[in-house]
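Note sheet for the following structure.
The values are calculated or read from the model by the stated rules, or taken from the named source; none is laboratory data. Quick caveat: nothing in here was measured; it's all calculated off a predicted structure. Cβ coordinates were reconstructed from backbone atoms using ideal geometry, including for glycine residues, and neighbour counts include every protein chain displayed.
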Amino acid sequence: MSYEKELTAAKKAVSLAAHLSQGVQKTLLQSEVWTKSNKTPVTAADYGSQAVVSIVLQRELKPVTLSLVAEEDTEDLRKKGSEVFLEDITKLVRDTLASDESYADSPITTQDVLNAIDCGNSQGGSSGCHWVLDPIDGTRGFVRGEQYAVGLALLVEGKVVLGVMACPNLPLSSEVVERDDKSCQDNVGCLFYATTGSGAYVQPLNGNSPPQEVKVSSNENLEEAKFLESYHMPIPLHSSIAKKLGITALPIRIDSQAKYAAVSRGDAEMYLRFTLVGYREWIWDHAAGSIITTEAGGVVCDSEGAPLDFSKGKRLDHKRGIIVTTKKLKPLILKAVRESMEEENLHV
Ligand SMILES: Nc1ncnc2c1ncn2[C@@H]1O[C@H](COP(=O)(O)O)[C@@H](OP(=O)(O)O)[C@H]1O
Ligand SMILES: [Mg+2]
Ligand SMILES: [Mg+2]
Ligand SMILES: [Mg+2]
């Protein structure tokens, strides 16, 4: 199956959501960053992006009933005191949709926005079709004016078959950098996408340049390899794995699934994600990125080498640690992971 209709709808939804987020990021004030009950940040862009993607998918894929597993919910937006925030989000959604010819005359109310966000409350699972959305992945990076992503994927019978990811601040061609160089922001903004068995592609987020296929690095010289990790939480185990592999460069720390995109197009050879013991990963933090990397010829696996299982609901169920790399480097990295974990008395 080619998923042509779904891919067109997903690219349109993600591009519009990215457009919304770019506008918000330019003028965001610290006072506009809210904190969720799990102590992580959220902004009007997270809610607005989720509403836009939900509305666009519903309209483009009619009459199919949408099952959407998405990060945000409306609990805080329905509380007293959130009225102005909700109005602001509604205006953002309305203006964003109006920027697309086909939706120019869409009246959007606050109730429409709440319903659209609530549509993302599906639980996913191993049967049927479910869309998986991270409306702003890397909210912390977004708030700092740095890297973030809008990630959307389609699960069919528990497998990711399609992924679209916008990285509005990622340079189009140059190598990924830890901090944005404010002097060269012209050529930034990438839209990555992949469908199962058809390769992975990137095109500029703004403009009409044709897509280009992306491939992971062919570099096997670990001394020259680059590796990525999360910005918000440096993990000591990553350094011992890298040292064992003979990687000399320091890790590049960036937010969001832009790390998957960077491995997919060969900017780096490895992305390690050994989060704190007991933390269970959300599927929306990995679904789009993982298919883009695997379709670019890469590998995404846990510390035992097993592929990630997206069929268990909203959380991944895997052995501690996620490794994103090339097929050639996978065995070497798994060996280094095993040895480092044994040395540090960490059990897989
Ligand atoms: N302490 C923390 N701070 C921020 N995000 C955390 C976190 N612990 C786990 N996460 C998850 O890690 C994601 C960010 O990953 P990364 O570190 O690669 O940028 C977050 O996605 P969101 O930003 O969409 O909430 C969130 O789901
Ligand atoms: Mg979040
Ligand atoms: Mg996320
Ligand atoms: Mg998010």
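Residues in segment 35-56 that are in contact (Cβ under 8 Å) with a residue 12 or more places away in the chain and either within 10 Å of ligand 2 (Cβ to nearest atom) or basic (Lys, Arg) (or both): Lys36, Thr40, Pro41, Val42, Thr43, Asp46. Among the conditions (1) within 11 Å of ligand 1 (Cβ to nearest atom); (2) over 25 Å from Tyr193 (Cβ atoms); (3) modelled with pLDDT of 95 or more; (4) not charged (D, E, K, R), Leu334 misses just one, which is (1).
Every residue, every condition in (1) part of a loop (DSSP other than H, G, I, E, B); (2) within 16 Å of ligand 3 (Cβ to nearest atom); (3) crowded, with 23+ Cβ neighbours inside 10 Å, yes or no:
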| position | (1), (2), (3) |
| --- | --- |
| Ser256 | yes, yes, yes |
| Val263 | no, no, yes |
| Ala268 | yes, no, yes |
| Leu272 | no, no, yes |
| Val277 | yes, no, no |
| Gly289 | no, yes, yes |
| Ile292 | no, yes, yes |
| Phe310 | yes, yes, yes |
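The set of residues from segment 8-53 being hydrophobic (A, V, I, L, M, F, W, C), over 19 Å from Glu83 (Cβ atoms), out of contact with any strand residue (DSSP E or B) (no Cβ under 6 Å at 6 or more places or on another chain) and modelled with pLDDT of 95 or more comprises Ala9, Ala13, Leu16, Leu20, Val52.
Checked against the criterion of being more than 16 Å from ligand 2 (Cβ to nearest atom), without any contact (Cβ under 8 Å) to a residue 40 or more places away in the chain and surrounded by fewer than 24 Cβ atoms within 10 Å (Cβ to Cβ), the candidates Gln123, Gln111 yield just one match: Gln111. Does Val202 qualify as being within 16 Å of ligand 2 (Cβ to nearest atom), buried (at least 17 other Cβ atoms within 10 Å of the Cβ), closer than 23 Å to Gln25 by Cβ and modelled with pLDDT of 95 or more? For Val202, the condition - within 16 Å of ligand 2 (Cβ to nearest atom), buried (at least 17 other Cβ atoms within 10 Å of the Cβ), closer than 23 Å to Gln25 by Cβ and modelled with pLDDT of 95 or more - is not met. Name every residue in segment 62-83 that is more than 22 Å from the chain's Cα centre (by Cα) and either assigned to a helix (DSSP H, G or I) or over 17 Å from Val33 (Cβ atoms) (or both), in order of residue number. Those that are more than 22 Å from the chain's Cα centre (by Cα) and either assigned to a helix (DSSP H, G or I) or over 17 Å from Val33 (Cβ atoms) (or both): Lys62, Pro63, Val64, Thr65, Glu75, Arg78, Lys80, Glu83. Scanning segment 33-81 for residues that are of a type in the set (D, E, K, R) and away from ligand 1 (no atom under 16 Å from the Cβ) returns Arg59, Glu60, Lys62, Arg78, Lys79, Lys80. Among the residues of segment 226-245, are any polar (S, T, N, Q), surrounded by 14 or more Cβ atoms within 10 Å (Cβ to Cβ) and within 16 Å of ligand 3 (Cβ to nearest atom)? Yes, the conditions are met somewhere in segment 226-245.
For Ser2, the conditions (1) modelled with pLDDT of 95 or more; (2) over 18 Å from Ala149 (Cβ atoms) are fulfilled apart from (1). Out of Ile108, Ile89, one residue alone is assigned to a loop (DSSP other than H, G, I, E, B), more than 16 Å from ligand 1 (Cβ to nearest atom), touching a helix residue (DSSP H, G or I) at 6+ places or on another chain (Cβ under 8 Å) and of a type outside the set (Lys, Arg). It is Ile108.
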